[in-house]
1. Beyond a 29 Å Cα-Cα separation, which of these cross-linked pairs lie in this structure: 46/103; 42/82; 42/71; 82/103?
2. Show me the trypsin sites (Lys or Arg not before Pro) within the range 1-48 that DSSP assigns to loop and that have at most 16 other Cβ atoms within 10 Å of their Cβ.
3. Hand me the chymotrypsin sites (Phe, Trp or Tyr not before Pro) from the range 54-115 located in a DSSP loop with no more than 10 other Cβ atoms within 10 Å, in residue order please.
4. Rounded to the nearest 20 Debye, what is the dipole magnitude of the range 4-134 about its Cα centre when Lys and Arg each give +1 and Asp and Glu each give -1 at the C-beta?
Amino acid sequence: MCIRDRYTTAEEILAARPDGIFLANGPGDPKDLQPIIEEVKKLIGKKPIFGICLGHQILALANGADTFKMKFGHRGVNHPVKDLLENKVLISSQNHGYAVDEKSLAGLNVEITNISLNDGTIEGLRYLDHPSFAVQYLSLIHISEPTRLGMISYAVFCLKKKKQELSLIHS
């Protein structure tokens, strides 16, 4: 795993020949991160990308979606999130004040995979034109649990164990 900072270019990331790219969490308005969004646009379709929290919002913006500031945001633990693909409810930890605008997804080849059961906002997206997906939350599951998110956690664990390359962009 190689950890890169937000000033790393797409070319530098691709030169490291990662198997995948992980867009990490961080604070603030994702629209203030235009240079990062521009670099992520260059990575789309070149390697699988997974975004979490702020990384979810950055990936959405890089794919042409929009975000908005929430009235109260999602803060703390025990937030119920519905996984629409598995028809299951996950319990999550969240700390964000922005969300992806569902109306902005019209015309984009993207699937909503998760929603907040508290307010209906988007909590997960899967991009259908390239191997990328993202979630807005941290799941409170153990990596051995047989869910998609558990499998993601397990895949990241295995990549680290095998010392394979996974670039992590930290905001």
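Laboratory data are not the source of any read-out in this text; all were calculated from the coordinates shown. Just so it is clear, the model here is predicted, and its values are computed rather than measured. Note that each Cβ is placed from the backbone with ideal geometry, even for glycine, and that neighbours are counted across all protein chains shown.
1. Beyond 29 Å between Cα atoms: 42/82; 42/71.
2. On the way: sites: 4, 6, 31, 41, 42, 46; in loops: 6, 46.
Taking the range 1-48 and a limit of 16 other Cβ atoms within 10 Å, the loop trypsin sites (Lys or Arg not before Pro) found are 6, 46.
3. Details: sites: 68, 72, 98; in loops: none.
Counting only loop positions with at most 10 other Cβ atoms within 10 Å, none of the chymotrypsin sites (Phe, Trp or Tyr not before Pro) in the range 54-115 qualifies.
4. On the way: 15 positive and 17 negative charges, 23 e Å.
Using Cβ point charges on Lys, Arg, Asp and Glu, the range 4-134 gives about 120 debye.
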